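Coordinate-derived values only; no laboratory data. Being a predicted model, the structure only gives us computed values, none of them experimental. Please note: Cβ atoms are built from the backbone with ideal geometry, for glycine as well, and neighbour counts cover all protein chains shown.
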Amino acid sequence: MSEKPKRPLSAYMLWLNSAREQIKKENPGIKVTEIAKKGGELWRGMKDKTEWENKAAKMKDEYNKAVQEFERNGGSKGGDKKKKGAKKPAGKKGKKKDSEDDDDESGEESE
């Protein structure tokens, strides 16, 4: 069975991937985090984002078709999220530790 299709990139991420090199050229020595910040500023300032929104919508449609095909071929709807996101039940760790601390203090005084 093949892997579940990966989610498509957003319009912003498609644009940022195409603009990243230009941002680097205009700002030599810029850090990766600063590229993302600068990209965010530029994106917010853009008036016409339709080109990127259309590309993102097309990729999302292709993704949705690929997911449907994946599920028809026996893929699971939940994927591996249950394994990754499973939380361990909270124990009495905190309460036990507090009572141990109290015991330690009283034990020190009695010695």
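In what sequence, highest mean first, do 26-39, 2-15 appear when ranked by Cβ atoms within 10 angstrom?
Order by mean packing, descending: 2-15, 26-39.
Averaged over every viewing direction, what's the projected area of the C-alpha convex hull for the stretch 1-72? Give it in nm², one decimal, please. Don't skip to the answer; put the middle values down first.
Numbers: hull surface 24.0 nm².
Across all orientations, the stretch 1-72 yields a mean hull projection of 6.0 nm².
Mind giving me the nanometre distance, one decimal, between the label points for residue 65 and residue 3, set 7 Å out from Cα along Cα→Cβ?
Between residue 65 and residue 3, the simple spin-label model gives 2.2 nm.
Note down the net charge around residue 44, summing +1 for each Lys or Arg and -1 for each Asp or Glu among other residues with Cβ under 12 Å from its Cβ. Don't skip to the end; give the middle numbers.
Details: positive: 37, 38, 47, 49; negative: 41.
Once all neighbours under 12 Å are counted, the net charge is +3.
With 20 Å as the limit, write out which pairs from 4/60; 38/60; 24/47; 6/37; 6/65; 25/47 have Cα-Cα distances beyond it, or answer none.
38/60; 24/47; 6/37; 25/47, as the Cα separations exceed 20 Å there.
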